[in-house]
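**Q** Dropping the structure in here first, questions after.
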Amino acid sequence: MRIVSLVPSATEMLFALGLGGDLIAVTHECDYPPAARELPRVTRDVLPPGLSAAEIDAAVKQRTLAGESIYELDEALLHDLRPDLIVTQALCAVCAVSYDDVRAIAEEIDTQPLVVSLDPRTVGEVLGDARTLAQVTDANDAAVDLIREASARIDRVRLAVRGARRPRVVALEWLDPPFAAGHWTPQLIEYAGGEDVLGFAGEKSEERSWEEVEAANPDLVLVMPCGYDAEIAHREAEMHRDNLASLGAGEVVAVNAAGLFSRPGPRIIEGLELLASLIHPELLPESPELAGQALTVAL
């Protein structure tokens, strides 16, 4: 099967299901696993480089209100590739090419590819996407194994923190302006033994004021700007040091959102394990595999 992935999380899921060899193209943001970087790119970012967080937020809002995507699809290349399956999403207008645009283009391709949209809002739905992809690619055994392993790791964390105190946690998906992370992130925080005091499981991320964040009285603040790794997240946190210091939290930590939280793929389980080590280090110390995925912000 010839597969094109238009979402980084779908690319990761396809590789996890053993379907990397069937992938013929991915997006410009697909950087994991490393083999994905060798595949042709069928998208590009239309926003100019070097924008600040506030400028990115303004540009995204402007294009979204105008019904425009921040990504451009290489339609000619997509036609030439003649895919059998295109995997995309409609959950977030910021995260991928418009679903409606993809459907319209697919109808014009000679091979009439099947278009599958993955739009998870919860941890369960993320794992359910493995089943969805397995059904259209005959990878059912691999999906069963992936879900079984992920479920066992989730259960291990939840059992370890059962009965422990629940620190108040704020997860910020953006800093200028601040956004409280939603969708699966509040669930991950709960599973890891914390209480998300701003985000709502299964709901969209919401813009908040710094006053609202302060009023939430967090014990731990997670800085996880969407699409950024831990080092860039830490730099963003440094730029908003005064705002973060005013929250009065006992600890502020910048984490690798791009790899472990923003993308609803297999690695959110690693994100859960990282959260558990941050929220309850006395119960689940950080594993060597997660070293460097979280950086403390000195205030």
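Laboratory data are not the source of any read-out in this text; all were calculated from the coordinates shown. What you are looking at is a predicted structure, and each value in this text was computed from that prediction instead of being measured. Every residue, glycine as well, gets a Cβ built from its backbone with ideal geometry; the counts of neighbours run over all protein chains shown.
**Q** Please go through the stretch 197-227 and pick out each residue that is in a loop (DSSP other than H, G, I, E, B) and touching a residue at least 60 places away in the same chain (Cβ under 8 Å).
**A** Those that are in a loop (DSSP other than H, G, I, E, B) and touching a residue at least 60 places away in the same chain (Cβ under 8 Å): Gly202, Glu203, Pro225, Cys226, Gly227.
**Q** On the given criteria, is Arg168 of a type in the set (Lys, Arg) and crowded, with 23+ Cβ neighbours inside 10 Å?
**A** no
**Q** Kindly indicate whether any position in the stretch 235-248 is under 20 Å from Asp196 (Cβ atoms) and touching a Ser or Thr at 6+ places or on another chain (Cβ under 9 Å).
**A** no
**Q** Let me ask another. Which residues, counting only those in the stretch 38-63, are assigned to a loop (DSSP other than H, G, I, E, B) and closer than 22 Å to Leu6 by Cα?
**A** Leu39, Pro40, Val42, Val46, Leu47, Pro48, Pro49
**Q** Further question: Looking at Glu273, is it surrounded by fewer than 18 Cβ atoms within 10 Å (Cβ to Cβ) and touching a residue at least 12 places away in the same chain (Cβ under 8 Å)?
**A** No.
**Q** Tell me which strands (runs of 3 or more DSSP E) are completely within the stretch 73-180 and hold 1 or more residues being of a type in the set (Val, Ile, Thr), or say none if there are none.
**A** The qualifying strands (runs of 3 or more DSSP E) are 85-88, 114-117, 168-175.
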